[in-house]
Amino acid sequence: MTRYILTTCLCLFAALAQAQMRWNQAYQQYINQYKDLAIEQMLKYNIPASITLAQGLFESRAGLSVLATKGNNHFGIKCHGWQGRAVYHDDDARNECFRAYRNAYESYEDHSRFLAGGQRYRKLFSLKVTDYKGWAHGLRAAGYATNPQYAKKLIEIIQLYKLHEFDKARKYDKFFARRSKDIAGKGGVLHQVFEFNNNYYVKARRGDTFRTIAAEVGISYRSLAKYNERNRKDILEEGEIIYLKKKRTKAPKSYKGRLHYVKPGESMYSIAQLYGIRLANLYKMNGLSPDYQIRVGDGLRLR
């Protein structure tokens, strides 16, 4: 019986450990949100983007930790020599002082400077930017964290989410990098930004307005409504696609020769939003007048 209990416990422990390694939507959303900022930092400071992202994920619990939500601190850096705003949190000791920032960009920038300017981390900069394993073990050996499994955890995160692919990047999307500078005090509640048809979009949440989304993404709410061919006072429905730039005249090239067949509940406007096309152009390329009432089963050209 004792052997059975011991075996069961070991199996349960192994299962739990394996479960922790599974892909997580919150982690992926964090990566989508900050990957370009991590690449920007890599090109500026020669710190692997994979390491920066893995540390941010691990230290901030994908932006959901108390330090991240209250102080935009994504890397658990304490106050040593810090003259700015601070937050206090129990860590190795009770009520320890941690650095606080106005936004995620400041946290990422300070993390890079912290490593680049620290004597204890100097050896790391002799490693190749693609040597994420060397960096992970080097951070642990230099005392970045007290967790003896720190290097292992970083490497597991990097491999699971293929973060090492970002270490080969030579350019980044400036919109996504800039977005982390514009947003202050939002913690982990930012809308996920998607890319489609040479544009960016978010999906409206319950209670969203053009004003609230515009404030988050740093765009005039009047411009945001105009990009989406709407009145700025319109009420947004949960799940609506809201584009952040002016829509294109056609769908992507991959839709050449393909038709969209109208489904129940769809309108010309909802179809135009689905493909990131200006409404007038959707009518025009199908030879339809603006007062045409589409019917279920109609086939519409997209480019």
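The values are calculated or read from the model by the stated rules, or taken from the named source; none is laboratory data. Computed from a predicted structure; not experimentally measured. Reconstructed Cβ throughout: ideal geometry from the backbone, glycine too, with neighbour counts over all protein chains shown.
Hey, could you check region 213-230 for residues that are of a type in the set (Ser, Thr, Tyr) and surrounded by fewer than 16 Cβ atoms within 10 Å (Cβ to Cβ) and say which is farthest from SER270 (Cα to Cα)?
Kept after step one, since they are of a type in the set (Ser, Thr, Tyr), are these residues of region 213-230: 220-221, 223, 227.
Subset that is surrounded by fewer than 16 Cβ atoms within 10 Å (Cβ to Cβ): 220, 223.
Values: SER220: 23, SER223: 19 Å.
Of everything passing the filter in region 213-230, SER220 is farthest from SER270 (Cα to Cα).
To keep it simple, each residue is scored yes or no on (1) crowded, with 17+ Cβ neighbours inside 10 Å; (2) closer than 18 Å to ILE241 by Cα; (3) aliphatic (A, V, I, L, M).
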residue	(1), (2), (3)
LYS256	no, no, no
LEU259	no, no, yes
GLU266	no, yes, no
ILE271	yes, yes, yes
TYR275	yes, yes, no
LEU279	yes, yes, yes
LYS284	no, no, no
ASP291	no, no, no
GLY297	no, no, no
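For (1) under 25 Å from the mean Cα position of the chain (by Cα); (2) not aliphatic (A, V, I, L, M), each residue gets a yes or a no:
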residue	(1), (2)
ASN95	no, yes
GLU106	yes, yes
LEU139	yes, no
GLY143	no, yes
PRO148	no, yes
LEU163	yes, no
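For region 133-144, what are the residues that are more than 12 Å from ILE51 (Cβ to Cβ) and free of Cβ contacts under 8 Å to residues at least 12 places away in the same chain? Before you say what the answer is, go through the steps one by one.
First pass over region 133-144, keeping only residues more than 12 Å from ILE51 (Cβ to Cβ): 141-143.
Result: ALA141, single match.
Taking into account only those residues within region 119-152 that are surrounded by 13 or more Cβ atoms within 10 Å (Cβ to Cβ) and assigned to a loop (DSSP other than H, G, I, E, B), which is modelled with the lowest pLDDT? Working first, answer last.
From region 119-152, those surrounded by 13 or more Cβ atoms within 10 Å (Cβ to Cβ) are 120-121, 124-125, 127, 129-142, 144-145, 150-152; that's our starting set.
Filter again for assigned to a loop (DSSP other than H, G, I, E, B), leaving 127, 129-131, 142, 144-145.
Numbers: LEU127: 97, VAL129: 97, THR130: 97, ASP131: 98, ALA142: 95, TYR144: 93, ALA145: 90.
Of everything passing the filter in region 119-152, ALA145 is modelled with the lowest pLDDT.
Can you give me the number of residues within region 40-52 that are of a type in the set (A, V, I, L, M) and touching a Ser or Thr at 6+ places or on another chain (Cβ under 9 Å)?
Let us first name the residues in region 40-52 that are of a type in the set (A, V, I, L, M), namely 42-43, 47, 49, 51.
Next, only the ones that are touching a Ser or Thr at 6+ places or on another chain (Cβ under 9 Å) stay: 42, 47.
Qualifying residue count for the region: 2.
Quick one: in region 264-273, of everything that is in a helix (DSSP H, G or I) and not hydrophobic (A, V, I, L, M, F, W, C), which residue is farthest from VAL296 (Cα to Cα)? Spell out how you get there, then give the answer.
Our first condition is that a residue be in a helix (DSSP H, G or I); within region 264-273, this holds for 268-273.
Now narrow it down to the ones that are not hydrophobic (A, V, I, L, M, F, W, C): 269-270, 273.
Numbers: TYR269: 14, SER270: 14, GLN273: 18 Å.
Among those residues, the one meeting the criterion is GLN273.
Under 6 Å by Cβ, and 6 or more places apart or on different chains, what pairs join a residue from region 222-250 that is in contact (Cβ under 8 Å) with a residue 40 or more places away in the chain and within 22 Å of ARG301 (Cα to Cα) with one that is of a type in the set (D, E, K, R) and not in a helix (DSSP H, G or I)?
These pairs meet every condition: LYS247/ARG278; LYS250/ARG303.
Scan region 25-68 residue by residue and report those that are of a type in the set (Ser, Thr, Tyr), farther than 18 Å from ARG102 by Cα and more than 13 Å from the chain's Cα centre (by Cα).
Those that are of a type in the set (Ser, Thr, Tyr), farther than 18 Å from ARG102 by Cα and more than 13 Å from the chain's Cα centre (by Cα): TYR45, SER50, THR52.
Given the options SER126, SER112, SER60, SER50, name the one that is closer than 20 Å to LEU190 by Cα and among the hydroxyl-bearing types (Ser, Thr, Tyr). Can you show your working first?
On the way: SER126 fails: closer than 20 Å to LEU190 by Cα; SER112 fails: closer than 20 Å to LEU190 by Cα; SER50 fails: closer than 20 Å to LEU190 by Cα.
The match here is SER60.
Could you grab me the full set of residues in region 153-167 that are in a helix (DSSP H, G or I) and not β-branched (Val, Ile, Thr)? Before the answer, list the steps.
Step one: of region 153-167, the residues in a helix (DSSP H, G or I) are 153-160, 163-167.
LYS153, LEU154, GLU156, GLN159, LEU160, LEU163, HIS164, GLU165, PHE166, ASP167 - these are the residues of region 153-167 that are in a helix (DSSP H, G or I) and not β-branched (Val, Ile, Thr).
Within region 210-249, track down each residue that is closer than 19 Å to ARG179 by Cβ and β-branched (Val, Ile, Thr). Walk me through how you get there before you give the answer.
Taking region 210-249 first, the residues closer than 19 Å to ARG179 by Cβ are 210-221, 223-224, 227-228, 241-246.
Once the filter is applied, which keeps residues that are closer than 19 Å to ARG179 by Cβ and β-branched (Val, Ile, Thr), region 210-249 yields THR212, ILE213, VAL217, ILE219, ILE241, ILE242.
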